[in-house]
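Derivation of every value follows stated rules applied to the coordinates shown; laboratory data play no part. Since this is a predicted model, take the numbers as computed values, not measurements. Glycine gets a Cβ as well: all are built from the backbone with ideal geometry, and neighbour counts include every protein chain shown.
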Amino acid sequence: MNKKFTAVILALSVSLQSAGLLYARESAGNGDLTEMTGQAVVQEYDMEAYENNEVLVLYKDGSCTTKTYSSKEELKNALYEMSKDELIDIVQPNYLYSSTAYRTDDELYLKQWGLENDGSFQMEESGSDFFEETAAAPDNGGFYSALAGIDINIGPAWEKYNGGRRAVVAVIDTGVDINHEDLKGALWVNDGEIAGNGIDDDNNGYVDDVYGYNFFNKNANVFTGDTDLHGTHVAGTIAAVRNNKKGIAGIASNANVKIMPLKVIGGEMGGGSTSSIIEAINYAENNGAVICNLSISALNDDAALYKTIAKSKMLFVVASGNNDRGTDNDQIPQYPSSYDLENIISVASIRSDGVLDPISNYGKKSVDIAAPGNRILSTAPSNQYKYMTGTSMAAPMVSAVCAMVYSYYDDITLKDVKEIVLNSASKLDSLESKVLTGGILNAGNAMNYDVSTLEHGQFNVPADAYIEDLPPAIKLETYSLGKEKYLKVTVTDINDDLLYLRYMNGNYSIDRFDGGKNGKPFALGKDNTCVFRIYSKGEYTFFASDKAGHETVARVKV
């Protein structure tokens with residue numbers, strides 16, 4: 001046990017028991033103490049508190065200095081002598097401090113090499129609590145040592161980011177474990193919906209969609225079990241709750257960045273359809289998402305998906321894809337990563353030693369940037385944490401930084417966000433010919449970017465995102481349910497740019513609607529339909545127009 005010492009100096013009579021102490025002279029009137037010549041009030045300290053026998057001396061004029069002694073005995077004698085010096089205000093240990101913003105108290109943070117890599121990271125062996133062999137592709141990189149500094153430089157970003165405007169990130173993937181201990185505070189919530197009442201409270205076409213929607217199973221259950229590992233892992237990287245003394249630290253963890261889980265992949269084979277993905281993208285945009293993480297990939301040049309992304313106002317962060325041996329997307333395109341669209345950032349995967357992951361696809365023209373994606377620890381179903389490998393793990397790193405930048409700088413556009421993230425990448429020789437920027441994601445640089453240089457432009461929609469522009473089509477159908485009669489109105493527009501929807505009781509020409517100024521408005525729900533209950537016989541005229549100026553009418557007798 002370390003001995004503690006107390007010393008009290010009273011007037012000219014001094015009794016020194018020891019000097020492992022901080023000495024502080026009190027001013028007259030401070031409590032019950034009155035200053036007297038040679039008197040000091042002494043607070044007790046362990047001698048061990050003086051690291052390396054170093055002392056900090058604060059003088060009454062505000063200046064300070066440090067002194068180091070060769071032994072504890074010499075230190076004790078020096079402390080006693082300094083206690084008699086009336087020019088000295090405080091003598092104390094020279095404490096060490098660290099940034100509260102950078103270091104977190106999340107118990108697994110030191111295993112997150114992608115955020116802070118000091119070169120000590122080692123992968124757990126098979127059978128450990130965190131080992132996860134199932135990943136986007138086999139990890140055939142073999143053994144290698146981590147290299148200090150190969151990370152996204154999260155410290156300066158966390159030190160600066162203190163919130164801002166709301167930024168919702170849609171995770172279009174497998175489902176997400178919304179009950180995970182590290183994700184509960186990171187989820188988008190649809191405030192217009194009441195959970196479990198079986199009613200579409202906000203009339204957006206989806207019942208009970210409080211936390212998003214399951215487009216694979218066509219219901220509101222965004223988490224269906226262990227098969228939702230992939231999406232849960234992606235969500236944790238983006239926004240797992242930070243500084244909660246458990247689990248990992250999400251990159252963009254803050255009250256202003258939220259995850260919107262949209263399940264499009266499911267089943268034993270882990271597949272998803274174009275229609276589900278398109279519906280999820282439309283849902284995300286209609287419900288306020290600004291960034292969309294797509295850790296999905298296929299070889300199909302999907303025209304419908306291309307057009308949906310091209311016309312969206314969101315920023316899409318997309319995994320470049322994986323193979324047993326990474327391939328060049330410039331030569332063998334992977335979709336949607338390889339679509340030549342302004343609102344896509346394509347992401348390759350880098351290892352902790354600064355080498356492009358052997359399974360990661362790349363492309364000097366078609367892949368924009370690299371981010372940590374090999375042996376990434378993140379959230380897994382049922383309050384677990386697992387390592388996974390693949391470009392699927394690299395993409396959410398970029399999504400998270402994009403969300404932070406967009407949230408913090410509340411006057412920039414999503415096009416600006418892409419410019420910031422790509423221009424602030426850290427160059428690496430290993431990436432020079434592999435990705436467009438030749439570099440790895442750098443969150444610190446991105447959050448400290450000179451935004452005065454930005455033009456605040458919007459994404460351009462390419463001409464080939466539209467096929468022949470035709471007027472909206474209106475389909476009118478009547479049907480009966482028991483004694484009740486109904487009219488089902490379906491309006492479709494090939495370019496999805498409807499402007500006005502109106503109707504009138506009677507038979508009217510298109511001119512009567514005056515471009516949409518006249519008539520009663522109606523709204524479309526799911527499947528572009530609106531249902532009216534018929535109370536009396538009559539004739540009705542329905543009108544629709546689009547932003548290109550096309551107009552159409554349809555009439556029905558009921």
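What to note about this one:
- Relative contact order for the chain, counting Cα pairs under 8 Å that sit 6 or more residues apart, in percent: 12
- Residue pairs, from the table LYS218/LYS263; LYS313/LYS364; LYS313/LYS547; LYS313/LYS418; LYS488/LYS520, whose Cα atoms sit over 18 Å apart: LYS313/LYS364
- Centre separation in Å (Cα based) which lies between the stretch 352-383 and the stretch 171-241: 25
- Only Cα pairs under 8 Å and 6+ residues apart enter the sum, and on that basis the relative contact order of the stretch 302-352 stands at 46 percent.
- Shape class of the stretch 255-326 from the Cα gyration tensor (axes a ≥ b ≥ c, square roots of the eigenvalues): prolate, since a/c reaches 1.5 or more and a/b is larger than b/c.
- Helix axis angle, 391-408 relative to the chain longest principal axis, alpha carbon, degrees: 80
- Computed from Cα positions, the angle between helix 414-423 and the longest principal axis of the chain comes to roughly 50 degrees.
- Helix-only mean residue ellipticity at 222 nm for the chain, each DSSP H run of n ≥ 4 adding -39500 (n - 2.57), per residue, nearest 500: -4500 deg cm²/dmol
- A Förster radius of 56 Å combined with the Cβ-Cβ distance from LEU299 to GLU51 puts the calculated FRET efficiency at roughly 0.40.
- Folded to 0 to 90 degrees: helix 274-286 orientation relative to the chain principal axis, Cα: 70
- For a straight C-alpha distance cut-off of 17 angstrom, the lysines reachable from LYS245 (same-chain residues fewer than eight places away being disregarded) are LYS111, LYS184.
- The antiparallel fraction among DSSP beta bridges confined to the stretch 262-355 stands at about 20%.
- Nearby lysines by direct alpha-carbon distance to LYS67 (threshold 29 angstrom, same-chain neighbours under 8 apart not counted): LYS3, LYS4, LYS76, LYS84
- Measuring nothing but how far apart in sequence close Cα pairs (under 8 Å, 6+ apart) lie, relative to its length, the stretch 333-379 scores a relative contact order of 40 percent.
- Listed by chain and number, the aspartates and glutamates placed with their C-alpha closer than 18 angstrom to that of LYS485 are GLU477, GLU539; residues fewer than eight positions away on the same chain are left out.
- Percent of Cα pairs exceeding the 35 Å cut-off, where the set is the chain: 51
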